[in-house]
1. Find all pairs meeting these conditions: Cβ atoms under 7 angstrom apart; at least six residues apart or on different chains; first residue within region 1-26 and buried (at least 16 other Cβ atoms within 10 Å of the Cβ); second residue part of a loop (DSSP other than H, G, I, E, B) and at pLDDT 90 or above.
2. Among helices (runs of 4 or more DSSP H) lying entirely in region 82-156, which contain 1 or more residues that are among the small types (Gly, Ala, Ser), closer than 25 Å to Gln209 by Cβ and touching a Phe, Trp or Tyr at 6+ places or on another chain (Cβ under 7 Å)?
3. Pairs needed: first member in region 126-147, of a type in the set (A, V, I, L, M, F, W, C); second member anywhere, loosely packed, with under 12 Cβ neighbours inside 10 Å; C-beta distance under 9 Å; at least 6 residues apart or different chains.
4. Of the residues that make up region 50-65, is at least one touching a Leu at 6+ places or on another chain (Cβ under 6 Å) and either at negative phi or not hydroxyl-bearing (Ser, Thr, Tyr) (or both)?
5. Considering region 133-174 alone, what residues qualify as being surrounded by 17 or more Cβ atoms within 10 Å (Cβ to Cβ), within 17 Å of Gly102 (Cα to Cα) and either at pLDDT 90 or above or hydroxyl-bearing (Ser, Thr, Tyr) (or both)?
6. Pairs needed: first member in region 75-103, touching a residue at least 12 places away in the same chain (Cβ under 8 Å); second member anywhere, not in a helix (DSSP H, G or I); C-beta distance under 6 Å; at least 6 residues apart or different chains.
7. (1) out of contact with any Cys (no Cβ under 8 Å at 6 or more places or on another chain); (2) within 18 Å of Ala17 (Cα to Cα); (3) in a helix (DSSP H, G or I): which one isn't true of Lys160, the others all being true?
8. Identify all residues within region 134-154 that are touching a Gly at 6+ places or on another chain (Cβ under 9 Å) and of a type outside the set (Val, Ile, Thr); write none if there are none.
Amino acid sequence: MDQSTLDLVRDSLVPLATGLVRGTIPLTIASFAIGMVIALVVALMRLSSVLVLQGIARFYVSVIRGTPLLVQLFLIYYALPEFGATWDPFPSAVVAFSLNVGGYASEVVRAAILSVPRGQTEAALTIGMNYPTTMRRIVLPQAARVAVPPLSNTLISLVKDTSLASSIQVVELLRKASEIAAPTYEFFALYSLAAVYYWIVCLVLSFGQTRVETRLNRHVAR
């Protein structure tokens, strides 16, 4: 790597960090938060005794898991305007990523809820707790410990998947790298720098995952 490339990389540190802080991270946080709400609702629908709700949830999960994320992103940003639903790039990306996270995470949440012994739910109902209270106080706190590792992996995958948002003109980390690399043709250097930023964020999240798991496991009976 010659001096001019090194200078370009050095000068690009702040612009790429700006793309990360203003684009990638907000997109990840918003999509994951909304996606988790969707995941909980869909998981409860899958566990419902109402067959119609089960069918809707199964269909949603099947569609999300059976189609590429990039296609989902294009459908929302490029195809929906044909029906009058026109959104800016960033909200379109949030919707697409939230729906995708909801589809995958719902199965994690459902499995975590099923891992809680059914006897605890029956006991709570026997002493007078209603179903929402039982879920909030008994089931979900225990299910959270089981769900943390796979949901953390979902979050880490989402950080990397946000790079697809550059395809619909969202100004995030990869988009910034492409804009800087285009006039200079230093694609390897700029994309490598972007990869390092993604890697650092994922390392931080992995460290946070370990800390959360350790804290949750302190309350588990040995």
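The values are calculated or read from the model by the stated rules, or taken from the named source; none is laboratory data. Bear in mind that the values here come from a model prediction, so they are computed numbers and not experimental data. Here the Cβ is made from the backbone with ideal geometry for all residues, glycine too, and neighbour counts use every protein chain on show.
1. Leu8/Glu186; Gly19/Val171; Gly19/Glu172; Gly23/Val170; Gly23/Val171; Gly23/Glu172; Thr24/Glu172
2. Correct list: 89-115.
3. Correct list of pairs: Met129/Arg137.
4. No; the residues of region 50-65 include none that is touching a Leu at 6+ places or on another chain (Cβ under 6 Å) and either at negative phi or not hydroxyl-bearing (Ser, Thr, Tyr) (or both).
5. Leu151, Ser152, Thr154, Leu155, Ile156, Leu158, Val159, Asp161, Thr162
6. Hits for this filter: Pro89/Gln169; Pro89/Val170; Phe90/Val170; Ala93/Val170.
7. Failing condition for Lys160: (1).
8. Across region 134-154, the qualifying residue is only Ser152.
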